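The values are calculated or read from the model by the stated rules, or taken from the named source; none is laboratory data. Since we're looking at a predicted model, the values are computed, not measured. Don't worry about glycine lacking a Cβ; one is built from the backbone with ideal geometry, like all the others, and counts go over all protein chains shown. Accessible surface areas use protein heavy atoms only, side chains included; no ligands, DNA or RNA. Shrake-Rupley method; radii C 1.70, N 1.55, O 1.52, S 1.80 Å.
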Amino acid sequence: MLRLFAIALLLAVAAPLYAAGQDDTFRVAADAFRKGHAGRLDAQAKELHGYALEPYVEYWQLKLRLGEADAAAVQAVLARNEGLLLGERLRNDWLRVLAKQHQWDVLLAEYPKLAAEDPDVTCLALQARWRNGDRSALAEVRAFWRAPQDIPAGCAPLIESEIAGGNIATHDVWERVRALLAANKTGPAKRTINYLPAAETPRERPIDAIAHNPNHYLEKYTHDLKKRVDRELVIYALTRAAQRDAELAASYYTPKLQEQFPEKDQGYIWGQIATNAAKQHLPAATLWFARTGTAQLTDEQLAWRARAALRREDWPEVGAAIDRMSAEGRDDPTWVYWKGRSLRAAGDARGAELAFARIADGHDFYNKLAREELGLPLDVPLRGYVPADDEVARVAGNESLKRALALFRVDLRTEAVREWNWGVRGMGDRELLAAAELARRYEIWDRAINTANRTIGMHDFSVRFLAPYREIFSAQARAQGLDEHWVLGLVRQESRFISGARSSAGASGLMQLMPQTARWVARQIGMRDFSPRRLTDVDVNVALGMSYLKYVYDGLGESTVLAAAAYNAGPRRAQAWRAERPLEGAIYAETIPFDETRDYVKKVMSNTVYYAAIYGGEVRPLKERLGVTPARGGGDRTDGTGAPTLE
């Protein structure tokens, strides 16, 4: 009886309340808001009273008129959405309006009610404090100054005050300009240049010229560098040239040119050249890192110093680079693991064991490798808790999750995901697993996986590693001769099994195929009725995606590591990232120069181990699955076919 009641409660709470046709009316209202048509939005709003998503319509109506809205009206809507995503969004919007109206006291009263940090609004709050005489706001604005990002407009008056007061000196401005240019953020760099004294302000034309052709600049403008502005432009040119070809940049950095720079700048330049050389897998990277001397390298640069050493299995250099990182950098599981490997190579078995033990309790890539180094079996947590129907019903009563389910139903996926993520914030493990089960029942696979992924001490890996459409993947894997569990691990990373997923680059479907790739594969396999519109069809997408995956897998020596890298970044890149000799798979993965692809490959291979363990596959150690990647050029069969890539 209790079970029947719980099911009825679940249906009553989770099913959105709506009348026939209201979903369509809401879609029209959403379109009117996106286009800024307030009158059209008002007309649709009249038909949506009592509708589950009526609060969205109310929010849209108010936002379009927020500059003229009465404070009481805003407060009323905020009160109805207090603690909810719409309340947070409205408060952020209103704080921006209050800043424009210079209502600093009201802004400061409302700002602490925000639940999440927004850099733009934080700057407005700092400005409000400063204008009200709170000088401590000036110290806090320094965090924005140090970050290699554009400074929110709200912080600009405080930065200008600090510069005028001499608290940010010309040297500090140059340091920020240098960091921004090294990060290829020329727009923010140009805006920062305006804070320099007139005599030291470079023109924008050489900056643009360097961005376009640094080699040309280095060939012409390296002769007389007495002024700092000229030296900084050459530093930018050398940095930019190194990003394209570190070896060529090093050839420009002659002893004669080096003499024109202070010793500290010489080390900085070698750090830029060496870091880019490491990303390009140049053997000279280690030599150039050695030339940085006492220069302060960032954790990112030291990570590439360690990776360059990994490619050569120079374990003392690996350990030395890790030791120079900040405490935070050294504590990253990546570098804890490789530090352990360096200690073991040096004969310090006890030190290595302690390092591996530090990270052996997690469930990610390096946690598993550390367990294997200790001789421990794979840890697949038991399903210690299965949420009952009444628990799922309770979590379904969460207002944010109710709104999320309604938004998924009307195909407003971006808004739905935001609502869902807001709703599960702060949930404990039991609630998270109940919410994951709710998403699973509604076949919202990505939210089920991501929500189950948030648990800390209580897990359900059958949801964390869901396998929707498994029968389709299994059949295609058998037909293509691929490991089904590796394929599932890859698709989990590509789309979280959302058949309608579409990337900003235009990739579609479960296996995230670009239209040109899909069209080429369709021709190869004789699929005559293909059109890009069919990429969200599960059977079509899997058939094409698996055929392409088989193509890159066969063409790269049947290495799952190389094929995963190729699927994400393209076969030519996966080939180019190999060494002149065979590389341990974990070293190949860790030294991939693209952050996204490096993370992707590690997660695909980690996923594979769990899918095999959960769905009855062969439970093989991760290190064994990673294997050894063949030397560059060996066994390649992907060139010359005209195949496009997924990049």
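Here are a few things to note about the model shown:
- Residue identified as touching a helix residue (DSSP H, G or I) at 6+ places or on another chain (Cβ under 6 Å) and over 29 Å from Val380 (Cβ atoms) among Arg534, Arg502: Arg534
- Of all residues assigned to segment 487-496, none qualifies as being among the aliphatic types (A, V, I, L, M) and open to solvent by 30 Å² or more (accessible area, probe 1.4 Å).
- Applying a threshold of 6 Å to beta carbon distances and a minimum spacing of six or more residues, or different chains, the list of pairs starting in segment 240-257 at a residue that is more than 15 Å from His212 (Cα to Cα) and ending at one that is open to solvent by 50 Å² or more (accessible area, probe 1.4 Å) reads Ala246/Gln280.
- The residue that is nearest to Ala99 (Cα to Cα), among those in segment 44-60 that are open to solvent by 50 Å² or more (accessible area, probe 1.4 Å) and part of a helix (DSSP H, G or I), is Glu58.
- Residues (open to solvent by less than 60 Å² (accessible area, probe 1.4 Å) and in a helix (DSSP H, G or I)) located in segment 244-267: Ala246, Ala249, Ala250, Tyr252, Leu257, Gln258, Asp265, Gln266, Gly267
- Which numbered condition Val609 misses (of (1) of a type outside the set (Ser, Thr, Tyr); (2) farther than 19 Å from Leu376 by Cα; (3) out of contact with any strand residue (DSSP E or B) (no Cβ under 9 Å at 6 or more places or on another chain)): (2)
- So Gly506, is it farther than 30 Å from Glu618 by Cβ and open to solvent by 40 Å² or more (accessible area, probe 1.4 Å): no
- A single member of Leu158, Leu181 is touching a helix residue (DSSP H, G or I) at 6+ places or on another chain (Cβ under 7 Å) and free of Cβ contacts under 8 Å to residues at least 40 places away in the same chain, and it is Leu158.
- Of all residues in segment 303-342 being not aliphatic (A, V, I, L, M) and not in a helix (DSSP H, G or I), the one that is most open to solvent (accessible area, probe 1.4 Å): Arg324
- Every residue from segment 398-421 that is open to solvent by 10 Å² or more (accessible area, probe 1.4 Å) and of a type in the set (D, E, K, R): Glu399, Lys402, Arg403, Arg409, Asp411, Arg413, Glu415, Arg418
- Summed over segment 309-343, residues that are within 20 Å of Gln296 (Cα to Cα) and among the polar types (S, T, N, Q) total 1.
- Pick from segment 581-627, criterion within 17 Å of Glu373 (Cβ to Cβ) and hydrophobic (A, V, I, L, M, F, W, C), ranking: surrounded by the fewest Cβ atoms within 10 Å (Cβ to Cβ): Ile587
- Counted residues, segment 425-470 - those being open to solvent by 20 Å² or more (accessible area, probe 1.4 Å), among the aliphatic types (A, V, I, L, M) and within 22 Å of Lys402 (Cβ to Cβ): 1
- Taking the conditions (1) under 27 Å from the mean Cα position of the chain (by Cα); (2) among the charged types (D, E, K, R); (3) part of a helix (DSSP H, G or I) in turn, Asp379 satisfies each one other than (3).
- Test result for Trp94, under 33 Å from the mean Cα position of the chain (by Cα), aromatic (Phe, Trp, Tyr), crowded, with 17+ Cβ neighbours inside 10 Å and over 25 Å from Gly397 (Cα atoms): yes
- Screening Pro119 against (1) under 32 Å from the mean Cα position of the chain (by Cα); (2) more than 12 Å from Cys155 (Cβ to Cβ); (3) not β-branched (Val, Ile, Thr) leaves a single unmet condition, (2).
- Cβ pairs under 7 Å, 6+ apart, first in segment 519-534 and of a type in the set (A, V, I, L, M, F, W, C), second open to solvent by 40 Å² or more (accessible area, probe 1.4 Å): Phe530/Arg519
- Ala137, sole failed condition from (1) without any contact (Cβ under 8 Å) to a residue 12 or more places away in the chain; (2) farther than 30 Å from Val234 by Cβ; (3) in a helix (DSSP H, G or I): (1)
- Residues that are open to solvent by less than 10 Å² (accessible area, probe 1.4 Å) and closer than 18 Å to Tyr600 by Cα within segment 509-558 comprise Gly509, Leu510, Met511, Leu513, Gly545, Met546, Tyr548, Leu549, Val552, Leu556, listed in sequence order.
- Single residue of Arg502, Arg573, Arg496 found to be on the phi > 0 side of the Ramachandran plot, under 22 Å from the mean Cα position of the chain (by Cα) and not aliphatic (A, V, I, L, M): Arg496
- Criterion violated by Trp315 - all others in (1) touching a residue at least 40 places away in the same chain (Cβ under 8 Å); (2) under 13 Å from Trp335 (Cα atoms); (3) not aliphatic (A, V, I, L, M) satisfied: (1)
- Tally of residues being in a helix (DSSP H, G or I), touching a residue at least 12 places away in the same chain (Cβ under 8 Å) and surrounded by fewer than 19 Cβ atoms within 10 Å (Cβ to Cβ) across segment 64-77: 4
- Among the residues of segment 349-397, the one identified as closer than 28 Å to Ala586 by Cβ, open to solvent by 70 Å² or more (accessible area, probe 1.4 Å) and in contact (Cβ under 8 Å) with a residue 60 or more places away in the chain is Asp364.
- Of the candidates His459, His485, the single residue that is in a helix (DSSP H, G or I), in contact with a Gly (Cβ under 9 Å, 6 or more places away or on another chain) and touching a residue at least 12 places away in the same chain (Cβ under 8 Å) is His485.
- A single member of Glu372, Glu391 is closer than 18 Å to Met605 by Cα, touching a helix residue (DSSP H, G or I) at 6+ places or on another chain (Cβ under 9 Å) and charged (D, E, K, R), and it is Glu372.
- Checking segment 586-600 against the condition returns no match, with no residue being in a loop (DSSP other than H, G, I, E, B) and at positive phi.
- Count - residues of segment 230-243 that are open to solvent by 20 Å² or more (accessible area, probe 1.4 Å) and closer than 21 Å to Lys185 by Cβ: 3
- The lone criterion from (1) modelled with pLDDT under 95; (2) more than 19 Å from Gln266 (Cα to Cα); (3) open to solvent by 70 Å² or more (accessible area, probe 1.4 Å) left unmet by Pro202 is number (3).
- On the stretch given as segment 122-170, residues that are surrounded by fewer than 16 Cβ atoms within 10 Å (Cβ to Cβ), over 30 Å from Glu82 (Cβ atoms) and more than 29 Å from the chain's Cα centre (by Cα) total 11.
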